[in-house]
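Down below is the structure, laid out as structure tokens.
The values are calculated or read from the model by the stated rules, or taken from the named source; none is laboratory data. Since this is a predicted model, take the numbers as computed values, not measurements. Neighbour counts run over all protein chains shown; Cβ positions are idealised from the backbone, glycine included.
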Amino acid sequence: MYKNKVMEASYQLMNDVDPEETPQDSGVMIHIVPEKAVRWNHIEDLDAFFTQIYTYHQSHGFACMMVKGVLELLQFIFIVFFCVFLFNCVNYPVLFRDEITNKTVNQKVTLSDAVLSCDQCLSNMGFWTWIIIIFSILVWLYHAVQFLSHAFRYWDLKGFFNVALKISDSELDNVTWHEVQSRIREAQQEQQMCIHTTEISQLDIYHRILRFKNYLVAMVNKSLLPVRLNIPLLGEKLYMSHGLKYNYELLLFRGPWSPFDKCFKLKESYRKLSHRQQIAQQLQTLILCVGIINLVFSPLIFLWQIAFAFFNYAELLKREPGALGVRCWSVYARLYLRHFNEMEHELCARLNRAYEPAAKYVSGFASPLMIIIAKNIQFVAGAISSVLIALSIYDEDVLAAEHVLTVITVSGAIFAAFRSFIPDENMVWRPESLMTQILAHVHYLPYSWRGLAHTTKVHQDFSQLFQYKATFLLEELISPVITPVILLFHLKPKALDIIDFFRNFTVEVTGLGDVCSFAEMDVGGRHGNPCWQSPTNATACGGDQYDQAEEGKTELSLIHFTYTNPDWKPPKDAQKRFVPGLITHALQDPSHYLQINADFVPQNYFGSYGFGLSSMIPRISAGMPGPSHAESPSIAVSPPGNINTFSNKASRAEGPLSMERWNRYMLPHQTALLHPSLGASVFGPGMDNNLDRFENVVSEMSNSALFLHEVHHRQVRRRGFHESSEPVPIWQRAGIVSSERTPLLPTPSHPS
């Protein structure tokens with residue numbers, strides 16, 4: 001255990017320092033580090049450091065991380081050993097009594113009778129078995145070394161939490177990420193982790209942790225990465241698995257051959273237009289090599305996936321046969337629905353809140369024919385199972401009959417599995433209302449779905465975002481086979497577009513390095529979309545959309561970031577134009593928005609649901625004078641009625657929940673924007689507990705998202721601009737010189 005002392009750093013002007021020991025340039029600030037400086041001064045790789053801080057917090061501290069790591073290593077050994085044992089060390093003819101020995105003629109077969117000796121096990125192991133064992137040992141050693149390396153890093157990080165942040169491991173579960181982030185900013189003043197500046201903002205921390213994730217989200221937003229496969233009988237399907245995603249990250253961000261140098265700087269060759277063809281050829285060669293490696297090792301990975309899935313889900317399916325019939329958000333959905341600069345726990349909280357309306361929505365599309373078939377199969381399976389159970393209760397010797405127990409188990413599983421195809425007969429299905437509730441939390445859904453939530457086409461498209469657990473598991477199982485195909489035949493031809501993407505959408509931030517320009521969330525710059533802004537400060541819709549983020553991701557990301565970081569100062573253009581324009585737009589006809597959303601959202605879903613100023617971006621324009629009393633409509637937004645998000649898990653996962661900081665930052669900004677009467681209706685004396693305040697933040701963000709979607713809808717209608725009715729990729733919509741890049745996809749035609 002080491003001791004840490006708080007560093008006392010001093011900044012002195014050149015004029016105050018002995019001229020014989022310093023340069024003669026006066027007015028230059030020098031950072032003098034004491035002899036006994038702590039080890040957290042001038043951290044070279046702040047990206048990794050902040051990422052480890054976030055991982056440490058979300059993983060519940062050092063002890064949990066170490067126990068989890070050790071058990072994962074032991075689990076790997078168990079899976080390999082158990083598989084080898086089952087295939088080589090069990091005498092199945094004896095176990096199934098197909099082979100009768102002298103010992104088993106008049107006795108029951110025991111497990112020891114069916115287990116072969118060590119010599120017999122070794123003799124049964126063939127060439128491929130030893131190859132698998134050797135490969136597994138190498139993989140295990142790699143993970144063991146990696147675990148030991150991480151153990152030393154996180155032990156040092158434990159000291160950082162305890163000393164610099166003053167957070168002990170016992171208190172870690174009671175501290176939100178927002179509070180940890182605030183203490184990091186305070187520690188910067190003492191520790192000087194970043195020497196380029198004396199202060200770091202919340203956006204700086206998010207940029208470093210999500211530097212590469214923001215690029216990936218932007219690529220999905222611009223339809224550069226999602227792969228659409230034409231499957232016979234099923235049509236066009238999106239495919240994105242964890243294995244494929246890992247290969248994307250390895251090629252583009254994590255590997256030594258990635259476009260980024262030293263983890264934060266885009267290589268100079270990628271910046272030069274004259275080198276784009278050469279770099280594209282190198283990237284194609286790299287993708288080819290990685291694809292071939294995936295192809296070579298695909299059998300081993302496939303076997304591992306099957307073994308892991310069997311051991312992980314077999315017992316669950318025995319207890320809950322309908323478990324594979326539940327829904328979950330797909331890997332693609334977690335990228336498509338993610339904001340720029342959104343942490344993983346923030347995304348999970350949003351998707352969890354949307355789970356209930358999403359499940360109700362998809363369950364309303366049960367096929368009448370499938371319901372009839374499911375009910376009859378359920379009847380037959382239930383009858384067989386019931387009779388056998390009744391007979392076994394009367395005489396337990398029935399269970400000794402061959403395969404009786406198997407029939408009972410299988411028929412019970414079939415009964416439970418087909419029950420998931422039969423909807424609740426008491427359910428009232430309102431597809432448009434449910435889709436609006438989903439949109440209120442996920443924030444992104446195709447505009448072409450508007451008013452068509454009741455159609456089969458929208459349901460099928462939404463099912464690719466919110467898929468069956470069985471579908472999710474199947475995609476993961478076939479990932480070792482599909483991933484090489486996608487890399488070789490789908491990603492490799494896009495190498496030139498990937499090079500252009502990095503060159504066109506990378507900006508350098510002083511002291512931070514290169515980041516994705518979309519993540520700057522500059523709504524007034526080239527990435528803002530006029531169709532998602534008020535008519536008072538937006539140009540015509542359409543036009544050059546190459547630089548614009550799709551589906552309002554820049555605008556919605558900015559709003560979300562300000563809600564989760566209430567003491568962050570937004571860009572000046574957002575304060576001067578974006579929010580004032582929205583406020584003016586809302587004040588022109590507030591009752592219109594109230595009526596529109598009352599048609600789609602149940603009255604008790606968000607309390608007295610409304611789109612007054614109190615439900616619009618109350619923090620984003622801090623310091624901007626609010627409307628006069630004469631302009632302020634009397635619209636109150638009460639706490640949401642059925643959004644249950646305040647739990648022990650959420651309290652540490654979703655911030656900002658520090659009420660002291662909330663009161664310190666949010667309320668002054670709220671009153672600076674809103675009329676006091678409106679502010680009182682949201683944060684007034686009647687709402688004096690933390691639960692109501694937190695739930696109101698959730699409601700406010702949902703209201704703001706729906707409000708912005710309504711602004712977009714009215715903009716599109718007013719300007720006569722029609723978006724494509726199909727969710728086709730929009731990477732090549734316009735705008736860049738044809739000789740500078742190779743078109744990825746043809747420009748979609750817009751229906752009149």
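Details
Every residue, every condition in (1) over 28 Å from His57 (Cα atoms); (2) at pLDDT below 95; (3) touching a helix residue (DSSP H, G or I) at 6+ places or on another chain (Cβ under 9 Å), yes or no:
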residue: Ala314; (1), (2), (3): yes, yes, no
residue: Lys318; (1), (2), (3): yes, yes, yes
residue: Cys328; (1), (2), (3): no, yes, yes
residue: Arg353; (1), (2), (3): no, yes, yes
residue: Pro357; (1), (2), (3): yes, yes, yes
residue: Ser363; (1), (2), (3): yes, yes, no
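- Qualifying positions in region 187-228 - at positive phi and either without any contact (Cβ under 8 Å) to a residue 60 or more places away in the chain or among the hydroxyl-bearing types (Ser, Thr, Tyr) (or both): Ser223
Table: residues versus (1) buried (at least 20 other Cβ atoms within 10 Å of the Cβ); (2) free of Cβ contacts under 8 Å to residues at least 60 places away in the same chain.
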residue	(1), (2)
Ala323	no, no
Arg334	no, yes
Asn341	yes, no
Glu344	no, no
Ile372	no, yes
Ile389	no, yes
Ser392	no, yes
Leu399	no, yes
Glu402	no, yes
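- Among residues of region 318-375 being among the small types (Gly, Ala, Ser), in a helix (DSSP H, G or I) and within 18 Å of the chain's Cα centre (by Cα), the one that is nearest to Leu224 (Cα to Cα) is Ala333.
- Asp173 under 25 Å from Phe49 (Cα atoms) and assigned to a helix (DSSP H, G or I): yes
- Among the residues listed as Leu250, Leu303, Leu244, Leu288, the single one being in contact with a Cys (Cβ under 9 Å, 6 or more places away or on another chain) and within 26 Å of Leu474 (Cα to Cα): Leu303
- Any hit, region 210-227, residues being assigned to a strand (DSSP E or B) and farther than 25 Å from Thr510 by Cβ: yes
- Output for region 202-234, where each listed residue is more than 30 Å from Glu186 (Cβ to Cβ), of a type in the set (Lys, Arg) and at pLDDT 90 or above: Lys222
- As a summary of the residue check, Thr562 satisfies the conditions (1) in contact (Cβ under 8 Å) with a residue 60 or more places away in the chain; (2) within 30 Å of Glu356 (Cα to Cα); (3) under 22 Å from the mean Cα position of the chain (by Cα); (4) crowded, with 23+ Cβ neighbours inside 10 Å except for the one numbered (1).
- Every residue from region 501-524 that is closer than 14 Å to Asp204 by Cα, touching a Leu at 6+ places or on another chain (Cβ under 7 Å) and assigned to a loop (DSSP other than H, G, I, E, B): Met521
- Filter result for Gln202 (over 18 Å from Gln58 (Cβ atoms) and surrounded by 14 or more Cβ atoms within 10 Å (Cβ to Cβ)): no
- For the condition in contact with a helix residue (DSSP H, G or I) (Cβ under 9 Å, 6 or more places away or on another chain), free of Cβ contacts under 8 Å to residues at least 12 places away in the same chain and of a type in the set (A, V, I, L, M), Ile131 qualifies.
- Residue in region 411-433 that is basic (Lys, Arg) and either surrounded by 18 or more Cβ atoms within 10 Å (Cβ to Cβ) or in contact with a strand residue (DSSP E or B) (Cβ under 9 Å, 6 or more places away or on another chain) (or both) present: yes
Yes/no per residue for (1) in contact (Cβ under 8 Å) with a residue 24 or more places away in the chain; (2) buried (at least 21 other Cβ atoms within 10 Å of the Cβ); (3) in contact with a strand residue (DSSP E or B) (Cβ under 8 Å, 6 or more places away or on another chain); (4) aliphatic (A, V, I, L, M):
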site: Ile438; (1), (2), (3), (4): yes, yes, no, yes
site: Tyr444; (1), (2), (3), (4): yes, no, no, no
site: Gly451; (1), (2), (3), (4): no, no, no, no
site: Ala470; (1), (2), (3), (4): yes, no, no, yes
site: Leu488; (1), (2), (3), (4): yes, no, no, yes
site: Leu496; (1), (2), (3), (4): yes, no, no, yes
site: Asn504; (1), (2), (3), (4): yes, no, no, no
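- The residue that is nearest to Leu556 (Cα to Cα), among those in region 221-233 that are surrounded by 21 or more Cβ atoms within 10 Å (Cβ to Cβ) and of a type outside the set (D, E, K, R), is Asn221.
- Residue in region 162-199 that is farthest from Ser59 (Cα to Cα), counting only those that are small (Gly, Ala, Ser) and surrounded by 15 or more Cβ atoms within 10 Å (Cβ to Cβ): Ala187
- So Phe160, is it under 34 Å from the mean Cα position of the chain (by Cα), closer than 30 Å to Gln192 by Cβ and among the aromatic types (Phe, Trp, Tyr): yes
- Lone unmet requirement of (1) within 17 Å of Glu346 (Cβ to Cβ); (2) charged (D, E, K, R); (3) out of contact with any Leu (no Cβ under 8 Å at 6 or more places or on another chain) for Arg208: (3)
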